[in-house]
Structure formats: C-alpha cells, structure tokens
Amino acid sequence: MLDKPTHHSDDAKIVDDPSSADATDHSIRHDWSSEEIQSILESPLTDLIYRAQTLHRAYHDDNSVQLASLMSIKTGGCPENCSYCPQSAHFSRETGLKKEKLSEVDEVMRQAKQAKAAGASRFCMGAAWREVRDGQEFDDVLDMVRGIRSLGMEACTTLGMLTREQAQRLADAGLTAYNHNLDTSPEFYSEIITTRTYQDRLDTLANAREAGLTLCSGGIIGMGESNTDRARMLQVLANLDPHPESVPINALVPVKGTPLENQAPIDPLEMVRMIATARIAMPKARVRLSAGRRNFSRETQILCFLAGANSIFYGDKLLTTSNNEANEDLALIEEMGLKVFDPVKGDSAGV
Ligand code: SAM
Ligand code: DTB
Ligand code: SF4
C-alpha cells in the first residue's frame, strides 16, 4: 500500500535561484542581459521546463502545433560562404550540389496545394540568394506569394537580404512572414560566415518589420558555439521590439563537403534547453523545432514540445536534406493529444 503524503511546512522550499524564482513573471521583456539568459539556459532541467511550460500556457492556450512546409525554390550556387550550408557555391565542388534555376510558379503552386492537403498551414519558400534583385525572378516570387495566399495558407519566404522597398513589395503581395536567421551570436558569427556582417542581418530584419511583415528569425546550435553564444543569440532576438513572431531553432545538419561536416552532434537535451529558453525569453513566439529533428528520438521530440515548441517543419524534405516522415509527425501529434494549428481559429497569442 502506498503511504499517504504528509504535508510538513518545510516540504515546499523557497528556491533562492534567480533562474527559477520568477516562474510566475509573465511580462514580455526586451531588456534581457545575456548573463540572465545563460543562467536560464543552464538552470536545472526541471526548473527550466516548469518555467517554460508556465509561460507557454499563459500565452498559448490551444495545444496547437503549426505545420510549416518548406520548398527550395532556387537551389545552390549561393555566393555567401555560410559554413553550415550545402547551397554555398564556395563548397559546391566538395558537396557536388548543382545550381538550379528558380522554380516555375506552377510547380510551386502544385507543391503548396499538396502541403495544404497534407495539413500544413504555412508554406515557406527558400532561395539560395545573397540578396533579392529586382527583375523577372523577384516578380515570379511575388506571384508565388499571391498564389499561396489565395490558397488560404500563410506564406513565408527566405531570400537573403532585402531593401525596404523589396520588403514592401513582398508585404503588398500578401506575404505573412520573412525568415532571416541570425544563426548564432554576434561574437561567433565571423567563425561561420565572412561574406556578410551581423549588422546586415539586423538591417534586413528591420526592413521587413518596417514593411509590416512578421518576422521568423532564429538560429542553429551545434556549430561549435558556446552556451554564452547561444544565450547571446537569444538575447539579440529577445531584445528586438516586438519579438519575432516565429523563432526556428535548428540543430546543425552536418552535410558532407561543407566545412562543418565533421562537427560532433549535439546532445539532444541541448535542443530541449534552447527551445525552453527561447520560450521563456519570447513567450508569445511560435518556437519552431526545425532542422536536425530527424536525428531525435520520439521522446526527445516530446521533450521539445514540453519545453515550449509549438511548430515543426513538416514534409519529407527541408531545403536540400531530408526531414521526418509526415505520417509519423501526425501520429506523434495525435499520441500527445495535441492538435494541428488552424490559422483561421488562431490561438491566444494571435499568431
Ligand atoms: N539564403 C537565405 C539566407 O541565408 O537567409 C535563405 C536560405 S538559408 C538555407 C536559410 C537558413 O537555413 C539559414 O539561415 C540556416 O539557419 C538554415 N540552414 C542552412 N543549412 C543548414 C544546416 N546544414 N543545418 C541547419 N540549418 C541550416
Ligand atoms: C530555418 O530556420 N530552417 C529551415 C528554414 N528556416 C528555411 C532551413 C533548414 C535547412 C536545412 C538544410 C537543408 O535542407 O538544406
Ligand atoms: Fe546562401 Fe543562405 Fe546558404 Fe548562406 S545559408 S550559403 S546565404 S543559401
């Protein structure tokens, strides 16, 4: 027989730890210090998940997971030298990835309809461009955006750097969100990319925001960065006002031929910690469990949802690498008793 629990006055200890003491602080802040974020990132896993869950429940009351499908509309041959990326022209001899032309609008619409029929509510189109150039190709992308919106789906693009005017044209075409990741901390950035600056990234985010687009911005863990770098990246994101509406957290997919091909895989709990910390620092955001998920067990993914993830990339392919099977993702969502996000109904954070 089980003993009945007894309640002594010292059962509930007051924890005098800055990273867990204010689990009930639900305010949206833009004044985080990186030390504060790092202490949350490194706090006991139980405290971390408790705090992330508390905030998640305060801002998202519908247990929904958004399914975002990805399509590479312009693959390879990119002039940037991002060390993680299989699409950079700098390593194309080593990766063997061929440069392709921009996809036809009809083909994009075909894939978007397929993604919608499979349950996706957001369609994200990625181009291996350093920046957008005005002309026929950009006009085609604007047609793709109009087409996706006419299906009733959210449309997201990730096309590299944007001017204010280009951002406005995307907004006028009905684009929902612009994805532009900070990827890592300002301090670690030049270890990964030397063909552009951190400030270039921030400038594009500002241009997209000024045009009225929502922002999708996050980063990658597992590139050799420290916890301080991870905390700094989250600090920069969380001190944007307003916060990005979507925050994708990727684990490096080490692609053969890229400079980071031999990088050791992360411990999956590092992903859980990163997601929980993003949830705490940006409570209203849709935190997306992104690339690298294919290597995670069912239980790791469940921990990521407990830590505050409420979106995934959905469909058999990311941009150039493979993703989890769609039917397995749907089964996992059902087993957890979660539901697929329906943008018509929305959720309490209004995202
Ligand atoms: N060229 C545009 C840019 O860089 O913004 C858009 C496409 S780029 C492929 C989009 C994002 O994919 C990158 O910012 C990076 O975060 C992510 N990414 C690319 N390769 C990756 C990899 N091997 N593992 C994890 N994430 C990756
Ligand atoms: C994001 O943060 N991750 C996605 C999406 N935004 C564009 C891309 C992941 C790419 C993984 C490597 C590949 O498939 O090429
Ligand atoms: Fe080009 Fe984007 Fe890949 Fe960098 S991440 S090489 S900018 S496609």
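Some observations on this one:
- Candidate set: the stretch 85-96, residues that are among the hydroxyl-bearing types (S, T, Y) and in a helix (DSSP H, G or I); chosen: the one nearest to ligand 2 (Cβ to nearest atom): T95
- Qualifying residue in the stretch 145-167 (condition: more than 16 Å from ligand 2 (Cβ to nearest atom), farther than 27 Å from M223 by Cα and among the hydroxyl-bearing types (S, T, Y)): yes
- Residue list for the stretch 97-127, restricted to those being touching a residue at least 60 places away in the same chain (Cβ under 8 Å), assigned to a loop (DSSP other than H, G, I, E, B) and within 16 Å of ligand 3 (Cβ to nearest atom): L97
- Qualifying residue in the stretch 292-304 (condition: farther than 28 Å from T54 by Cβ, buried (at least 17 other Cβ atoms within 10 Å of the Cβ), more than 13 Å from the chain's Cα centre (by Cα) and modelled with pLDDT of 95 or more): no
Yes/no per residue for (1) in contact (Cβ under 8 Å) with a residue 60 or more places away in the chain; (2) within 16 Å of ligand 3 (Cβ to nearest atom):
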site	(1), (2)
C156	yes, yes
L170	no, no
A177	yes, no
T184	no, yes
S190	no, yes
R196	yes, yes
L205	no, yes
L213	no, no
L234	yes, no
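- Each residue in the stretch 53-93 was checked for being closer than 19 Å to I249 by Cα, in contact with a strand residue (DSSP E or B) (Cβ under 9 Å, 6 or more places away or on another chain) and aliphatic (A, V, I, L, M), and 5 of them qualify.
- Pairs are defined by a Cβ separation below 8 Å, a sequence spacing of at least 6 or placement on different chains, a first member in the stretch 71-92 that is within 22 Å of S290 (Cα to Cα) and in contact (Cβ under 8 Å) with a residue 24 or more places away in the chain, and a second member that is within 11 Å of ligand 2 (Cβ to nearest atom) and part of a helix (DSSP H, G or I); the pairs so defined are P86/T95.
- Residues of the stretch 97-135 that turn out to be farther than 15 Å from G147 by Cα, within 20 Å of the chain's Cα centre (by Cα) and within 14 Å of ligand 2 (Cβ to nearest atom), as a count: 5
- In the stretch 151-168, the residues that are under 18 Å from G126 (Cβ atoms) and over 22 Å from the mean Cα position of the chain (by Cα): Q166
- Any chance T300 is away from ligand 1 (no atom under 12 Å from the Cβ) and in contact (Cβ under 8 Å) with a residue 24 or more places away in the chain: yes
- Scanning the stretch 71-83 for residues that are within 13 Å of ligand 3 (Cβ to nearest atom) and either assigned to a strand (DSSP E or B) or out of contact with any helix residue (DSSP H, G or I) (no Cβ under 7 Å at 6 or more places or on another chain) (or both) yields S72, I73, K74, T75, C78, E80.
- Failed condition for P265, given (1) closer than 21 Å to P86 by Cβ; (2) within 15 Å of ligand 3 (Cβ to nearest atom); (3) of a type outside the set (A, V, I, L, M, F, W, C): (2)
- Test: S217 is farther than 21 Å from A285 by Cα, touching a Ser or Thr at 6+ places or on another chain (Cβ under 9 Å) and of a type in the set (S, T, N, Q): no
The values are calculated or read from the model by the stated rules, or taken from the named source; none is laboratory data. Here the structure is a predicted model, which means the values were calculated and not measured. Don't worry about glycine lacking a Cβ; one is built from the backbone with ideal geometry, like all the others, and counts go over all protein chains shown.
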